[in-house]
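Novice: Can you keep this structure in mind? I'll have questions shortly.
The values are calculated or read from the model by the stated rules, or taken from the named source; none is laboratory data. These figures come from a predicted structure and were not determined experimentally. Here the Cβ positions follow ideal geometry from the backbone for every residue, glycine too, while neighbour counts run over all protein chains shown. We work out accessible area using only protein heavy atoms, side chains counted, and drop any ligands, DNA or RNA first. Shrake-Rupley method; radii C 1.70, N 1.55, O 1.52, S 1.80 Å.
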Amino acid sequence: MQGCDRRVSRFAYARGGVFQEPREFGERRASFFAEFADEWMKTYVVPNNKPGTVQGKETDLRAALLPCFASRKLDEITSVEVERFKAARVAAG
């Protein structure tokens, strides 16, 4: 489950307890987590990872992160919510 911790932190960077899109992901800021995740996959994951790793990240995104955060605005996702998400994933095994 520790891998989940790293994946969540790579999707957004905690700043002041609220998640914000890093500026290096382009000029247009994604308003919602799902938009950000799509941009992150295209601009970071695919160009910087092997196909098997890309597939694993897509699976994690679709199975765990999107059901929880897809329709949420990035600036509304708090670090406390992310920690609760991670704790629930660990507890679920």
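Novice: For segment 33-46, which residues satisfy the criterion of being touching a residue at least 12 places away in the same chain (Cβ under 8 Å) and open to solvent by 80 Å² or more (accessible area, probe 1.4 Å)?
Specialist: Answer for segment 33-46, where residues must be touching a residue at least 12 places away in the same chain (Cβ under 8 Å) and open to solvent by 80 Å² or more (accessible area, probe 1.4 Å): just 44.
Novice: Quick check on my filter: what residues within segment 47-93 are in a helix (DSSP H, G or I), open to solvent by 70 Å² or more (accessible area, probe 1.4 Å) and among the basic types (Lys, Arg)?
Specialist: Passing the criteria: 62, 84, 89.
Novice: Does any residue in segment 51-65 that is free of Cβ contacts under 8 Å to residues at least 60 places away in the same chain come within less than 6 Å, Cβ to Cβ, of a residue that is open to solvent by 60 Å² or more (accessible area, probe 1.4 Å) six or more places away or on a different chain, and which pairs are these?
Specialist: Filtered contacts from segment 51-65: 54/46; 60/7.
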